[in-house]
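One structure is given here, and the rest of the page talks about it.
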Amino acid sequence: MRGARIPDAEGMDVPIIRLPSSLSDPVRLFHGAAIERREWDGLDHLERRRLLVRARYAALTAPGIVSHRSAAALWGMPDVDPPDVRLHVIAPGAKRTHSGRGVVRHIDARGDLTATSIDGVPVTTVVQTAVDLARTGTSTQAVVVFDHVLRRGDCSRDDLGRALDPLDGLRGIRQARDALAFADPGSDSPGESISRVTLRSLRVPTPVLQQEFTTDAGRFRVDFWWPEHGVVGEFDGRVKYDDHEVVWREKLREDALRRLPQVHGFARWTMREARSQAALARVVLAAGLPVPRAGVMRH
């Protein structure tokens with residue numbers, strides 16, 4: 001792998017050097033592999049995930065099909081669980097799941113593994129990757145990944161259900177089925193999916209997703225809408241607020257929505273609140289939304 005360039009499906013082309021000592025300012029990926037810091041700094045979070053997967057796969061010494069969180073990176077699926085830089089593969093013939101030297105080797109839980117490839121790297125299909133992630137990750141991750149693949153049209157709910165059927169009785173299957181029943185392609189981002197999970201845990205009414213309103217300033221779509229209570233909800237995860245023009249346009253948009261007679265409250269929250277029952281409960285309660293589990297705010 002010395003000096004090799006590993007192309008990415010999105011066009012990324014980054015040099016991977018086996019010996020960090022040969023770089024002027026190395027960022028170590030794992031033992032014997034590094035990248036120049038200026039190139040690392042130019043990559044976004046997903047590109048870094050993909051780079052780590054490709055670099056570790058290039059160093060793999062035994063057969064394996066990239067799977068689970070590593071496959072999710074190659075497919076561009078969001079991963080909201082705590083970081084894991086190990087390479088996940090399904091190892092043909094493996095009798096048990098085990099890990100070592102930065103590689104997790106999983107068994108083939110289905111027994112009839114079907115793989116595809118991305119730029120020459122063997123990888124589990126979109127459907128199997130989503131199902132594996134939903135079954136082995138957190139319950140929040142399960143909803144995030146199912147929302148994502150349904151929103152993008154990568155597969156259907158029936159496709160995912162059929163992939164789960166042979167896995168009955170295995171660890172995480174109940175979590176995955178619950179997530180599939182709750183999944184909604186109208187959830188427009190991982191932050192919105194995380195918000196939905198937290199809102200459900202608070203037992204608030206089910207919102208309408210991506211509701212459009214016609215205002216005196218134009219037509220706008222909102223993330224969450226509770227028509228029975230006249231409350232708009234917005235997950236604020238966009239990269240902005242260092243641009244004063246963007247801030248001003250967002251204020252005008254919100255003011256126009258607030259002037260609508262059917263809008264009685266406006267709740268806005270960030271990822272910090274989305275991940276916290278207590279914090280999100282305070283935000284939506286202040287906007288006029290009933291929160292049956294309001295007691296969580298004391299914790």
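Values in this text are rule-based calculations from the coordinates and carry no lab data. Treat the numbers as computed from the prediction; the structure is a model and nothing was measured. Here the Cβ is made from the backbone with ideal geometry for all residues, glycine too, and neighbour counts use every protein chain on show.
Per residue of region 59-73, in order, report the coupling 6.51 cos²θ - 1.76 cosθ + 1.60 (Karplus, θ = phi - 60°) as ³J(HN,Hα) in whole Hz, putting x for Gly and Pro.
For region 59-73, the Karplus-derived couplings read 9, 5, 9, 9, x, x, 9, 4, 8, 6, 5, 5, 5, 4, 5 Hz, x marking Gly and Pro.
Assigning unit charges at the beta carbon (Lys, Arg +1; Asp, Glu -1) and nothing else, what dipole magnitude in debye, to the nearest 20, does region 60-185 show about its Cα centre?
Working: 15 positive and 15 negative charges, 93 e Å.
Dipole about the Cα centre, nearest 20: 440 debye.
Could you pull out every residue, at least 5 positions away or on a different chain, whose amide H is within less than 5 Å of the one on L29? Hs are placed 1.01 Å off N in the peptide plane, and Pro or chain starts have none.
A34, I35
Set the Förster radius R0 to 35 Å, insert the Cβ-Cβ distance between L113 and S201 as r into 1/(1 + (r/R0)^6), and round the FRET efficiency to 0.05.
E(calc), rounded to 0.05, equals 0.50.
On a full-extension model of 0.36 nm per residue, what is the gain between S24 and H229, subtracting their alpha-carbon distance, rounded to one decimal in nm? Let's see the in-between values first.
Numbers: separation 205, 0.36 × 205 = 73.80 nm, distance 5.95 nm.
Computed gain between S24 and H229 is 67.8 nm.
Using only DSSP helix segments of four residues or longer, with each worth -39500 (n - 2.57), what per-residue ellipticity at 222 nm results for the chain after dividing by its residue count and rounding to 500? All intermediate terms of the calculation are to be shown ahead of the outcome.
Details: 11 runs with 111 residues, N = 299.
Computed ellipticity for the chain at 222 nm equals -11000 deg cm²/dmol.
Taking the number of other C-beta atoms within 10 Å as the exposure measure, put R174, R54, R110, R272 in order starting with the fewest. All intermediate terms of the calculation are to be shown ahead of the outcome.
Working: R174 13, R54 27, R110 17, R272 9.
Ranking R174, R54, R110, R272 by Cβ neighbours within 10 Å, fewest first, gives R272, R174, R110, R54.
How would you rank H229, H88, H45, going from fewest to most other Cβ atoms within 10 Å of each one's own Cβ?
Details: H229 16, H88 28, H45 11.
The most exposed by this proxy come first: H45, H229, H88.
List the extent of the Cα atoms of the chain along each of their three principal axes, largest first, rounded to whole Å.
Here the spans come out as 64, 50, 37 Å, largest first.
Run the simple label-point estimate for R152 and V208 please: 7 Å along Cα→C-beta, distance reported in nm.
So the two model labels end up 2.9 nm from each other.
Taking the Cβ of each residue in M271, M77 as the centre, tally the other Cβ atoms inside 10 Å and list the residues starting with the fewest. Intermediate results must be reported in sequence, preceding the final value.
Working: M271 15, M77 23.
The most exposed by this proxy come first: M271, M77.
Under 5 Å between amide H atoms, partner at least 5 residues away or on a different chain: which partners does F266 have, H built in plane at 1.01 Å?
Amide H neighbours of F266: V232.
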